[in-house]
Each structure stands twice: as structure tokens, then as C-alpha cells.
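The values are calculated or read from the model by the stated rules, or taken from the named source; none is laboratory data. Given the structure is predicted, the values throughout are model-derived calculations rather than measurements. Cβ coordinates were reconstructed from backbone atoms using ideal geometry, including for glycine residues, and neighbour counts include every protein chain displayed.
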Amino acid sequence: MKFETPIRRALALLLASSLTAFAGASAADNKDKQKPAATQTIDSGSFGIFIKGQRVATETFHIEQQAGNSIIKSQLKDTSGSESTSQKSNLELSSNGELLRYEWSQSSGGSLSVFPNNDFLKEVISTSSSAKPAEQVFLLPAVTPILDNNFFIHREVLAWKYLNAVCQPAGGDTKCRQESADFGTLVPQDRTSMSVRISLGGKEKVTIRGVERDLLRLNLHGDQFDWALWVDDHDHFKLIKVAIPADNTEVVRD
């Protein structure tokens, strides 16, 4: 599959393993080194989550880069907007795509964190402020993608990682190989790892809020699920829609 020059530029900026590195040259003088690192917004917005056509929740997200590291923040609220049911996540990746830290919490109580521990990943789970935290070690490298059950922005990050693996600049364009890629992932809330496969589905016409758009389809498969993801290859490969037919669920960017 072949994309036009603007997509080549988008890939160069956004499809590195940790999204991309915007840090300045390392040879900056002492004065420049004392300046605060510039923060650049990569993506921000919200997803509407619909079950059987009815909106049930909204995920608000923000992706930024600072000093080469990527920070992906997200908050999930049901349609009532109640703070008592909200969840938050914060995913931090290094410039080479390695996990620095992942944190999740819900306003009703309970939190967890995942971070590198020697050559593996360690998860610490707190069910309440009074209970002793539980710990679990996963024999997984720091480059393992985090796929939280409740935050769809993590699927956008995984899609960028996949596209970076199969797409290469070719002259003034970018060509993507029509092949699948397997990723070992960590699902913190389930305290488990799982293997997923992504494949390129090609361009499709998709209706978003009554407007037909040409989007690039990716297929996301696991042992117990099949999802369709559509990204906009004319707008930095941002995730626009997710379909989960088995659950009668659709996720659409607002």
C-alpha cells in the first residue's frame, strides 16, 4: 500500500516506537540546557463509546511529548458525568518506546501501577487505602505495549507502533507492507499478558456522524476478540473509529 508525501511526513513524526522523539540536538549549549524542555501536543480529544447505538461513556485523552518522552493521559466517565465512576490513566514511554511507568486509578477507590523492575515488569495493585498492596512480576520486556481494558487511546498507540513496523519511506512516498504483526501486551487490570495480531485492511469509506470519510482500516485480533480500527492517514494516523461487533460496541472520535 502506498501513501502520499504528507503521510510520509506523518509517519516520520508519529510512528516511532514511542510515538516520536522531538528532543533537540544533544549539542545544545549550557544556557539551552537550563531551559525547560518544550512540550508538544501530539493528539488530544475525546472518544464517544456507544453500545447498541447509545452513548454510555466518554474517554478524554491527551498525548504529549517532552524531552523525547511520550505521555499519554486519559480519563473515562459515564454519560452521567459522575466523578464517582470516573477512571484515569497515565502512560509514560521513553524515546525508544520503553515503558517508564503506567498508572491507573478510579475515583471510587483502587489503583495500580506498572513499571520496569530489573529486566521485567512489576505491577502493584491497591484495592483500598487500608489494604496492603499486592505485587506481581511479569516476565515481559519494557517495550511491551500496555492495553488497558478501558482506554481506547492505547489502541491508537499500538496502531502507530504497528504502522512504524510495516511502513517505510520510499522516495517521496511511504509504502506499507500488506502483512500482519504480533505483539505481546500487558493488560494491567486483568493482571495478565496476551498476544495480539494487527493486520492492514486497506482503505474504506466509513460514515462518521453522517459524513462519509476515506479511512485506513486495521484489524486487531486476539484469542477471544476481533476488532476493527480505522485511522485517518491524512491526519497523522489518528484513531477515528473502533468497532467491536461481538459486544455491539462502537467507539467514535468526537
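Quick notes
- Qualifying residue in the range 231-244 (condition: outside any strand (DSSP E or B) and hydrophobic (A, V, I, L, M, F, W, C)): yes
- Sole residue being under 21 Å from GLY53 (Cα atoms) and crowded, with 16+ Cβ neighbours inside 10 Å, chosen from VAL251, VAL196: VAL251
- When ASP226 is tested against (1) loosely packed, with under 15 Cβ neighbours inside 10 Å; (2) within 16 Å of the chain's Cα centre (by Cα); (3) acidic (Asp, Glu), only condition (2) is not met.
- Residue identified as surrounded by 18 or more Cβ atoms within 10 Å (Cβ to Cβ), more than 18 Å from the chain's Cα centre (by Cα) and over 19 Å from ASN96 (Cβ atoms) among PHE138, PHE152: PHE138
- Among residues of the range 157-169 that are of a type outside the set (Ser, Thr, Tyr), those with a Cβ under 8 angstrom from a residue that is part of a helix (DSSP H, G or I) and at pLDDT below 90, sequence gap 6+ or separate chain, pair up as TRP160/LEU14; LEU163/LEU11; ASN164/LEU11; CYS167/LEU11; PRO169/ARG8; PRO169/LEU11; PRO169/ALA12.
- Looking across the range 93-121, the residues that are under 21 Å from ALA134 (Cβ atoms) and in contact (Cβ under 8 Å) with a residue 24 or more places away in the chain come down to LEU99, TYR102, TRP104, SER107, SER108, LEU112, VAL114, PRO116, LEU121.
- LEU99 being of a type outside the set (Ser, Thr, Tyr) and surrounded by 15 or more Cβ atoms within 10 Å (Cβ to Cβ): yes
- Residue match in the range 148-159 (condition: farther than 26 Å from ILE244 by Cα and of a type in the set (Gly, Ala, Ser)): no
- Just one of the numbered conditions (1) in a strand (DSSP E or B); (2) surrounded by 13 or more Cβ atoms within 10 Å (Cβ to Cβ); (3) at positive phi is not true of HIS221: (3).
- Among the criteria (1) at pLDDT 95 or above; (2) aliphatic (A, V, I, L, M); (3) out of contact with any helix residue (DSSP H, G or I) (no Cβ under 8 Å at 6 or more places or on another chain), the one VAL114 does not fulfil is (3).
- Top-ranked residue of the range 25-67 - restricted to ones that are closer than 19 Å to TRP104 by Cα and acidic (Asp, Glu), ranked as modelled with the highest pLDDT: GLU59
- Residue within the range 170-178 that is in contact with a Lys or Arg (Cβ under 8 Å, 6 or more places away or on another chain), surrounded by 14 or more Cβ atoms within 10 Å (Cβ to Cβ) and hydroxyl-bearing (Ser, Thr, Tyr) present: yes
- A single member of LYS205, LYS241, LYS161 is among the basic types (Lys, Arg) and at pLDDT below 95, and it is LYS161.
- Candidates are the residues of the range 174-189 that are among the hydrophobic types (A, V, I, L, M, F, W, C) and more than 14 Å from the chain's Cα centre (by Cα); the one that is farthest from PHE237 (Cα to Cα) is ALA181.
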